[in-house]
Amino acid sequence: MDFKSFDWRSLQKYMKPQASEDLNRFLENLPQTAGQNALIAAGIAWAAAGALGLYATIQTQKMITLRAELKQVEALKPMVPKVTDIPVPAADVKSFAENLAQIYRGLKIQASGSSIQVTSADTSRFAEFREAIGHMQNGGAGWRVTVDRMCVGRECDKDKLIALLKVNKVSVDKPN
């Protein structure tokens, strides 16, 4: 529908001075025509619709504010790289363990996969034991040595000094 083809003269009957008086008379006669109960029910329905519309508007406004805050918090979240442990090849660990065994002759040093076990039958070798563990901590480039099991003294079963150390390399990947 375009404005050129619209019949503007049809609106003329609503623009007459008599039109406002007709509307006033209609509203005054409405209680007798429709009945008071119907008007009360219609008023309650309109009030409920208005309250529901107001509630929906307020909740929508709160949700928009909450969404804006969430986007702002997500924008401030730092990009954290993913750190993973990769086992060092068994051949590298074995050659390192053999080298340690040559340096610390009073200790029994064995490699098993990416782990090294350092043991001694008596506690008088504790200083050497401690030095061997420290040497392992600085063993290879990028190595991350963690203590899997350690026992010193009377609590140990067979040997009096036992350390099982796992050797991994750290891999830092880009965040998702």
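In segment 104-126, the condition of being under 30 Å from Pro175 (Cβ atoms), out of contact with any strand residue (DSSP E or B) (no Cβ under 8 Å at 6 or more places or on another chain) and without any contact (Cβ under 8 Å) to a residue 24 or more places away in the chain is met by no residue. Do you know which of the residues in segment 108-139 that are assigned to a loop (DSSP other than H, G, I, E, B) and surrounded by 15 or more Cβ atoms within 10 Å (Cβ to Cβ) is nearest to the chain's Cα centre (by Cα)? Across segment 108-139, the extreme among qualifying residues is Ser114.
In the set Val147, Val167, which member is modelled with pLDDT of 85 or more, touching a Gly at 6+ places or on another chain (Cβ under 8 Å) and among the aliphatic types (A, V, I, L, M)?
Val167
Within segment 147-159, residues that are part of a loop (DSSP other than H, G, I, E, B) reach partners that are among the hydroxyl-bearing types (Ser, Thr, Tyr) with beta carbons closer than 7 Å, at six or more positions or on different chains, in the pairs Gly153/Thr123; Asp159/Thr119; Asp159/Ser120.
Quick one: would you say Ser5 is assigned to a loop (DSSP other than H, G, I, E, B), polar (S, T, N, Q), loosely packed, with under 10 Cβ neighbours inside 10 Å and without any contact (Cβ under 8 Å) to a residue 60 or more places away in the chain? Yes.
Hey, among Lys158, Lys174, Lys169, which residue is over 30 Å from Pro81 (Cβ atoms), basic (Lys, Arg) and out of contact with any Lys or Arg (no Cβ under 6 Å at 6 or more places or on another chain)?
Numbers: Lys174 fails: over 30 Å from Pro81 (Cβ atoms); Lys169 fails: over 30 Å from Pro81 (Cβ atoms).
Being over 30 Å from Pro81 (Cβ atoms), basic (Lys, Arg) and out of contact with any Lys or Arg (no Cβ under 6 Å at 6 or more places or on another chain) holds for just one of Lys158, Lys174, Lys169, which is Lys158.
Select from segment 148-176 the residues that are of a type in the set (Val, Ile, Thr) and under 18 Å from Thr123 (Cβ atoms) and write down the one among them that is surrounded by the most Cβ atoms within 10 Å (Cβ to Cβ).
Step by step, filter segment 148-176, then rank; the result is Ile162.
Quick check: anything in segment 74-84 surrounded by 10 or more Cβ atoms within 10 Å (Cβ to Cβ) and in a helix (DSSP H, G or I)? No, segment 74-84 contains no residue that is surrounded by 10 or more Cβ atoms within 10 Å (Cβ to Cβ) and in a helix (DSSP H, G or I).
The values are calculated or read from the model by the stated rules, or taken from the named source; none is laboratory data. Remember, predicted model here, so these are calculated numbers, not experimental data. Neighbour counts run over all protein chains shown; Cβ positions are idealised from the backbone, glycine included.
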